[in-house]
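The values are calculated or read from the model by the stated rules, or taken from the named source; none is laboratory data. No experiment lies behind these values; they were computed from the predicted model shown. Cβ placement follows ideal geometry from the backbone for every residue including glycine, while neighbour counts extend to all protein chains displayed.
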Amino acid sequence: MTRVAIFTNNFYPRLSGVSVAVNFLNNAIRGQGYETMIVAPDYGYHRKVKGIEIFRVKSVYFMPMKMALPLTPLDDDEVLRTMTNWKPDLVHSNHPFLIGKTAMRVADELRVPLVYTFHTLYEFFTHYFMLDTDTVRKAVREYIIRYTNRCDLVIAPTPPIRDYLLSIGVNVPVEAVPTGIDFSRFKKVTPDQVAGLRKRYELEKFDEVLLSVGRISKEKNVMLSLEALAEMVKQGRNAALLFLGEGPEISALQSRAKDLKVSDRLIFGGFLDQDTLAVAYFLGDVFLFPSLSDTQGIVLYEAQAAGLPIVATDSMASRAAVHPGKNGYFSDNDPKDLANKIAQVLDHRKELCEPFDTDAFSAETIGKTYDRLYKKCLAEGRRTMESPDAPLTKLFEEIKSLLS
């Protein structure tokens, strides 16, 4: 049986898009007969997940992003010993930093192929580390290019992201493979469940509900949705904005809502488990996706599964999912234009429910795709390339200048 070691900085118990994607990948390739082990941070609780073999790496909690950061390379030797004993045939990394660097070391030491899934446009996240400068963003991008070019195969979640990677200098094979999604839970939703959740969030008094699902953070451009809500209220529409998720931008949104006099129309639903989230999608009349930083908007496909039309800013993620005039519209990165597009969608909602192929996201389809790609990597073996660390020198110099 072929063994795949999956390395990730994000996994359960932390709920995130990457955690869900890694879990889906794990299940999909196990369904094709692969044996897997996941290498992930240790949160100090819920270390085990039923049916999954996990090696937990020593970590520290990073409050700004509410996640555990693995203490690599301090734990590299222990990880390498575990991997040497377990003998993976292939390593699949989900991040270029931290555990991703350890994944590369394991692939090099054991001479096995390294596959990397490009989940994140990291240059949009530098503000979390108080290093939001052009120098840092450029160093981060250069590092990612070098890391990517030391891999044997790169997975992009959408064709636009694949094209982006090739355009910035990635010269190894890049394949577009969507993140799998379990749509079965949407088919189980009942009207009574939707009515109960609508009552819980006190949505009955509104005529239209604008829905946003995901991390409530600066890089998701969430303030744009709130500004658009205020514009709609000015136009006389009885609308509310429902955010499902958590994040550091909640207090800023609450403060701005007071200024805009729409506090009573701004609702935070918190984190929901996957089954309840499927129900919650049916609360919306339109789905908003203002993010410019996502590589793939899984939520865009989930919204469509609930029959929701979409209004999104034009980004690499939304470009793969939104078909103007068929399942939604693109908006400028401007509150008035977003409000106008939302109104347009709401007034023509029945015309904007284009069906889409859910089978393309199934575990069977995704598993078979990875089976084909893994076999090709295994046949070709591990490549040897230069170290990806050179651009970090600029980053360290920037940090020194900021601290001096």
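What number of residues within the stretch 248-261 satisfy the criterion of being part of a loop (DSSP other than H, G, I, E, B) and crowded, with 19+ Cβ neighbours inside 10 Å? Break it down stepwise before answering.
First, pick out the residues of the stretch 248-261 that are part of a loop (DSSP other than H, G, I, E, B): 248-249, 261.
Remaining after also requiring crowded, with 19+ Cβ neighbours inside 10 Å: 249.
Qualifying residue count, the stretch 248-261: 1.
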Self-check item: Among residues of the stretch 208-247, those that are part of a loop (DSSP other than H, G, I, E, B), touching a residue at least 60 places away in the same chain (Cβ under 8 Å) and on the phi < 0 side of the Ramachandran plot, counted
Solution: 4
Quiz item: Tally time: how many residues in the stretch 262-286 are surrounded by fewer than 22 Cβ atoms within 10 Å (Cβ to Cβ), in contact (Cβ under 8 Å) with a residue 12 or more places away in the chain and outside any helix (DSSP H, G or I)?
Solution: 10
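Which of the residues that make up the stretch 311-351 are among the hydroxyl-bearing types (Ser, Thr, Tyr) and assigned to a strand (DSSP E or B)? Please lay out each step first, then the result.
Filtering the stretch 311-351 down to residues among the hydroxyl-bearing types (Ser, Thr, Tyr) leaves 313, 315, 318, 329, 331.
Thr313, Tyr329, Ser331 - these are the residues of the stretch 311-351 that are among the hydroxyl-bearing types (Ser, Thr, Tyr) and assigned to a strand (DSSP E or B).
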Quiz item: When you look at Asp371, is it under 22 Å from Asp182 (Cβ atoms), at pLDDT 95 or above and either surrounded by fewer than 11 Cβ atoms within 10 Å (Cβ to Cβ) or among the charged types (D, E, K, R) (or both), yes or no?
Solution: yes
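How many residues does the stretch 297-339 hold that are in contact with a Lys or Arg (Cβ under 6 Å, 6 or more places away or on another chain) and among the aromatic types (Phe, Trp, Tyr)?
First, the residues of the stretch 297-339 that are in contact with a Lys or Arg (Cβ under 6 Å, 6 or more places away or on another chain): 309, 311, 329, 331.
Now drop any that are not among the aromatic types (Phe, Trp, Tyr), which leaves 329.
Residues that pass the stated criteria total 1.
Here is a list: Ala317, Ala303. Which entry is modelled with pLDDT under 95, in contact with a strand residue (DSSP E or B) (Cβ under 8 Å, 6 or more places away or on another chain) and in the same structural domain as Gly245 (by the TED database)? Outline the logic, then answer.
Values: Ala303 fails: modelled with pLDDT under 95.
When all the criteria are applied, what remains is Ala317.
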Quiz prompt | Conditions (1) in contact with a helix residue (DSSP H, G or I) (Cβ under 6 Å, 6 or more places away or on another chain); (2) of a type in the set (S, T, N, Q); (3) more than 27 Å from Ile342 (Cβ to Cβ): number failed by Ser212 | solution = (3)
Exercise. State the number of residues belonging to the stretch 301-320 that are surrounded by 24 or more Cβ atoms within 10 Å (Cβ to Cβ) and within 24 Å of Ile155 (Cβ to Cβ).
Key: 5
